[in-house]
1. Across the stretch 7-97, what fraction of all alpha-carbon pairs, as a whole percent, falls in each successive 10 Å bin from zero upward?
2. Based only on other Cβ atoms within 10 Å, what is the fewest-to-most ordering of 66, 57, 45?
3. Roughly speaking, what is the centre-to-centre gap between the stretch 2-52 and the stretch 77-96 when only Cα atoms are used, to the nearest Å?
4. Most exposed first by the Cβ proxy, i.e. fewest other Cβ within 10 Å, how do 65, 16, 84 rank?
5. Could you work out the relative contact order of the stretch 7-97, using alpha carbon pairs under 8 angstrom and six or more residues apart, expressed as a whole percent?
Amino acid sequence: MAGLSSGRDGLAFGIYAALGYDVMSATNSSPQTTEMFASDRSATLMKWVHLGGIQGLALGLFGSYLEKSVWPMIGVTVAMGIMYVEYKHADASGKANPPPSAATPYTPDGYH
C-alpha cells in the first residue's frame with residue numbers, strides 16, 4: 001500500500017479516532033450501562049450520546065482545518081459512527097428487554 005498516503009495521514013487518523021473514543025467516554029457511560037437503563041432513562045442517555053457526537057465532530061472539523069487535511073475528520077467520524085451504532089443498539093435492546101434484577105431503576109421519588 002506504499003504510495004497511498006504519508007505516515008502523517010495515518011497518524012492524524014489514529015489520533016482523531018482515539019479523540020472520538022475519548023469524547024464519548026467523557027460524556028457517556030458504557031453502551032452496556034445504556035442497555036441496562038434504557039427502559040426508563042433512554043432520553044437522557046441518548047441526549048449525552050448526541051452531545052458527545054457533536055463535541056467530537058466539532059473537534060475533528062477543527063483538527064482538519066488546522067492540519068489542512070481530511071484525515072482528522074475521517075478518524076473522528078469513524079470512531080463516533082461506531083460508537084453511535086453501539087449506543088443505538090444498546091438503547092433499542094434495553095427498551096425491548098427488562099433490566100437485570102441487580103439494576104436499581106430510578107423513579108421520580110428516588111431509587112427503589
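1. 20, 43, 24, 11, 2
2. On the way: 66 9, 57 16, 45 22.
Listed from fewest to most nearby Cβ atoms, that is 66, 57, 45.
3. Distance between centres, Cα-based: 10 Å.
4. Values: 65 11, 16 26, 84 17.
Taking fewest neighbouring Cβ atoms as first place, the list is 65, 84, 16.
5. Working: 117 pairs, mean separation 43.0, N = 91.
That works out to 47 percent.
Read-outs: derived from the displayed coordinates by stated rules, not from any lab. All values derive from a computational prediction rather than experimental measurement. Don't worry about glycine lacking a Cβ; one is built from the backbone with ideal geometry, like all the others, and counts go over all protein chains shown.
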